[in-house]
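The numbers here are math on the coordinates, done by the rules we state, and not lab data. For clarity, every value in this text was computed on a predicted model and none was experimentally measured. Neighbour counts run over all protein chains shown; Cβ positions are idealised from the backbone, glycine included.
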Amino acid sequence: MTDIQVHALKGAMSLFGFSLGYWVYVKFYEKRQTIELNFSCRNMLYGAITGAAIISTTIFPLFALDYYQVVAYQSYNEVLFALIGLSTQAIFGVILFSGIVFRFIEPHLGTKYSLLLLSVLLGSLNIIIDGPDFVVLLSSILMNALWFSIYILSRNLWVTGLASASWLCAVFATGILDEHWRASAPIVSSYSGPILITGGKFGPEHSIITILVVSVCLFFILRLAKQKKTLINA
């Protein structure tokens, strides 16, 4: 098996074990129904479409305006395994941070402060990994806020997880991600032009276009969540 295939298998097994452990904990320790793990195919589809659509609002113009250029086309042999690996990674993170951490502190701090605190903390981790960069910090904070806001609106971890997964898979499909994933992408791309627009080596997630689009989405998602009364006051 290749590294990507092993990664996909380990990711799927880890996600299954983690989600099962989460279900057992909630069912037998918290003694309640795990409504946040309910399957709703329609809502899960909406979540997947939402994540891909938001980041594609950045990706398509970058290709259309020639800021991103396709350098080469590659085999599709490992694309499926890469998508599985990326998706399980994204959903795992959502269950951990939205299902456990966010859900734990929300009753104490309220929805808004929990959203702000965790988004800033998780976003700050990126500058530790990628180096001090204000745009990366801001975009990372906003991306984390986006996943939390989708969870706040849907109160469903699969909906949120699939939104995050489809976003990550759309970025993977551009061939811009790091070498580990680029080798399995259907295309290899390069970028040119201002880093503020292209995102540079960090990819479309950290483009100013993404920052603006996610900011607008956050406004409307949280507004809708307020209308649906899914926000909690401490």
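Largest mean-square fluctuation among G175, G17, G123, in a Gaussian network model of the chain whose springs join Cα atoms under 10 Å apart, belongs to G17. Largest mean-square fluctuation among L138, L121, L83, in a Gaussian network model of the chain whose springs join Cα atoms under 10 Å apart, belongs to L121. The ranking of R103, R42 by Cβ neighbour count inside 10 Å, starting from the fewest, reads R42, R103.
Annotation for L196 and R223: the two label points, set 7 Å from Cα along the Cα-Cβ direction, are 2.7 nm apart. Give the shape of the chain as rounded, prolate or oblate, defined through the alpha-carbon gyration tensor: a ≥ b ≥ c are the square roots of its eigenvalues, a/c under 1.5 means rounded, and otherwise the shape is prolate if a/b is larger than b/c and oblate if not. Taking the square roots of the gyration eigenvalues as a ≥ b ≥ c, the chain is oblate.
Annotation: the residues T57, T174, T50, sorted from fewest to most other C-beta atoms within 10 Å of their own C-beta, follow the order T57, T50, T174. Of the residues C169, C41, C217, the one with the fewest other Cβ atoms within 10 Å heads the list, and the complete ranking is C41, C217, C169. Cβ-Cβ distance of L9 and Q74, R₀ of 22 Å, FRET efficiency by 1/(1 + (r/R0)^6): the value works out to about 0.55. Against the chain, whose longest principal axis comes from its Cα atoms, helix 208-228 is set at around 20 degrees. What is the helix-to-structure angle for 134-154, meaning the angle in degrees between its Cα long axis and the longest Cα principal axis of the chain, kept from 0 to 90 and rounded to the nearest 10? Once rounded, the angle reads 40 degrees. Extending 7 Å from the Cα toward the beta-carbon at both H108 and D178 defines two label points whose distance is 3.2 nm. Of the trypsin sites (Lys or Arg not before Pro) found in segment 168-234, those in coil by DSSP whose Cβ has at most 15 other Cβ atoms within 10 Å are K229. Annotation note: chymotrypsin sites (Phe, Trp or Tyr not before Pro) in segment 5-63 located in DSSP loop regions with a Cβ neighbour count of at most 11 within 10 Å are F39. Rounded to the nearest 500, what is the 222 nm mean residue ellipticity of the chain from helices alone, with -39500 (n - 2.57) per DSSP H run of 4+ residues and division by all residues? That comes out to -22000 deg cm²/dmol.
What residue among I129, I91, I152 has the largest mean-square fluctuation in a Gaussian network model of the chain, using Cα springs under 10 Å? Sorting by GNM fluctuation, first place goes to I129.
Fully extended, how many nm does the chain gain between T2 and F63 (0.36 nm per residue separation, minus their Cα-Cα distance)?
Roughly 18.9 nm would be gained on extension.
With respect to the chain, whose longest principal axis is taken over its alpha-carbon atoms, helix 157-173 is tilted by about 10°. Of the chymotrypsin sites (Phe, Trp or Tyr not before Pro) found in segment 98-151, no site is in coil according to DSSP while having at most 11 other Cβ atoms within 10 Å of its Cβ. Mean separation of Cα pairs under 8 Å and 6 or more residues apart, divided by the residue count, gives segment 1-158 a relative contact order of 32 percent.
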